[in-house]
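To start, the structure under review is shown below, and the notes come after it.
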Amino acid sequence: MSGNGQIGINNTGAAPGANAMLDLNQLGRAFLAPRMTDAQRTALATAEGLMVFQNNNTATAPKGYWYYDTDLLPAPGWVFVSSTAAWQLGGNTGTNPATDLVGTTDNVDLAFRTNGLERMRITAGALSTGGLVGINAPATYTEQLEVNGGLLIGGTSATNTEGSIRLNATTSAHEGNIDNSANWYQLENAFILEKNRVYLSSPVPACAYQAGWPTTGGPIIDNGSFANVGLFSTIETPYSRGWEDGRHQYLYLASDLAALNICANTNITGAAFQATGSGGQAITNSQLSMKNTPLAALATLDVSPGWVICHTSASFVPVVGWNAHNFNVSNFQWNGASNLLVEYCFDLNSWTSNIGVNAETTNYTALFGIYCDACGHLFTPGSGTCYFASCPNNSPQNFPGVLCLGYSHSPGCALQANSSLVTCDGTFQWVGQTGSSNRRPLLRLNAQINSIVPVLTQGDFIYSPTAVMVEKTAGWATSGVSPDQKFKGPGTLSAEIGVWGGNLLLSDHVFDAYYDGKAREEDGQRGAGYSRMPIADMVNYVERERHLPTIPGRSDWEMQGPFSLDDLNTRLWVTVEEQALYIKELNERMNLLRQHLVRQRTQGAATPIR
């Protein structure tokens, strides 16, 4: 049934409201909406404004009043209206952050939309996997914050907190903090990456032996802070032939080896002393040994374990310069941390003069030496072991036997700091000596060192459209006042020490082409088809082009861009040689002219005047 009228239900007799179709107004009574479950509500035929009271709770639909909205976006649907504390468009008051929130209380994402389109989403889940924020991000993302678009960071940081990013208002560049200190590092740079181009890779260190051992190759332990000196005394020089037996130990510091870039744990295959004399009697039964040691000074002879015998020789005669003792027993490896002990000892059967070596004075006790003649103990006929079955066999025995003059009871390499240094053979009662000194010989090692090995390869590199500044001293790149400032403008390269071109195009074909009529084969393309412009043509060329024929001009620069430093060096080389030939030709012409004038003058003087 339908009708056009108004209905008022009350107990006062009042007429219904003028604009109301149904006016319910009675104290003690209320409007009772249709009551049903969630399933019954969602099964209804929908109409705009339909309202019900849902009397059960589900995971997605709470108990309370619902109405149907056909204009709901993104699609028509039921709207829950029973919330007792909704967030208002104008904001709320009296909220408690411990209990009041904007978000979800179940395990579903929170999405933010404008114009019906999702702009930001906070994912659900546990703290370890959820809580990810995506702004204009793809459907799935894995980082704590993902932004599909630009990110603007302005302002500064209140604290020096590791991981912070700020904007430097002075440089207009962003800075990052990596160590909780006041040191902030600029994030942006003006470098641009070139992909898959030919370039010279960053040099890498590689352990290698130097060529020319021992004359020119091999690192030399010669500390620049120590004064150089010569060693000639019998206690100090390793080639101490002034007595028959000698044992010498020298201490070198780990810092000396590290300063020379000597590679740790690689084979040292030889050692050399630099003698200042040569010739004379051979040094016999010599031995060179090495050892890693914690000792910082050599107060006495080191006879503890750890020595490595590296070299032995039955006979050796020193020469002026570096005397190489190539290891023929065992190579030695420095461990990279310890100091280095070197021992040189020998056993002679006679004596002659010492051979000195170049050395340096140290600030610590760097050597300990022993020498003696056929030493062992005081000779007493009928006792001791100074006799031999025959001369010599190095097997001493008690009397009787043969007293072999000049042969040692204690070989040089067996001497110790407490050895008897009195002669044993009874001919002379010389007493040897022990001693130490703040000196050490210069030592050359056939050792591997860290060498720079550049590699030409195909790969990525960077370039900068602004200036590149390479400094060694902090602050150098920003020091100076115009016009002497270190910064020379965009596109320039400035280095505190020097700028090097590593691919110099050698070219000495000019003189070969002039004198031989052709360039040498090794000059390749540079010399192929070369011809020097005649001087007359060169004069005309300079007047017309305003630059030398061997040097590009301003137009070449503008069309081709800046010149290669190496190419320009080569062109200057060619130019100097060509100018030398022009001077030679002019000198020859001037000599011919001088000779012609002399002849003219001589002939004129001989002709009588009529």
Nitroxide proxy distance, nm - points 7 Å out along Cα→Cβ at Leu72 and Asn261: 7.6
Approximate spin-label separation Ala227-Lys63, in nm, with each point projected 7 Å along Cα-to-Cβ: 10.3
Using a Förster distance of 45 Å, the FRET efficiency for Met590-Trp557 (Cβ separation, nearest 0.05): 0.80
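Could you give the length gained by full extension between Ala47 and Thr216, i.e. 0.36 nm per residue of separation minus their alpha carbon distance, to one decimal place? List each step's numbers first, then the result.
Values: separation 169, 0.36 × 169 = 60.84 nm, distance 10.19 nm.
Once the chain is fully extended between Ala47 and Thr216, it gains 50.6 nm.
Arrange the following residues from fewest to most other Cβ atoms within 10 Å of their Cβ: Leu443, Leu592, Leu32, Leu301. Don't jump to the answer; show the numbers that get you there.
Values: Leu443 23, Leu592 10, Leu32 7, Leu301 20.
Final ranking by Cβ density, sparse to dense: Leu32, Leu592, Leu301, Leu443.
Go ahead and run the numbers for FRET between Ser164 and Thr93, Cβ-Cβ distance against an R0 of 25 Å, rounding to 0.05. Walk me through the numbers before you get to the answer.
Details: r = 34 Å, r/R0 = 1.37.
Efficiency, rounded to the nearest 0.05: 0.15.
Taking all pairs of different Cα atoms in the range 1-123, averaging 1/r and flipping that mean, what Kirkwood radius in angstroms comes out? Before the final figure, lay out each step's value.
Numbers: mean 1/r = 0.0544 Å⁻¹.
18.4 Å is the Kirkwood radius here.
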FRET efficiency, 1/(1 + (r/R0)^6) with R0 35 Å, evaluated for Met21 and Val102 via beta carbons: 0.35
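Read the figures in this text as sums done on the coordinates, not as results from a lab. The shown structure was predicted, so the numbers you read here are calculated from the model rather than taken from an experiment. Virtual Cβ from ideal backbone geometry, glycine too; neighbours counted across all protein chains shown.
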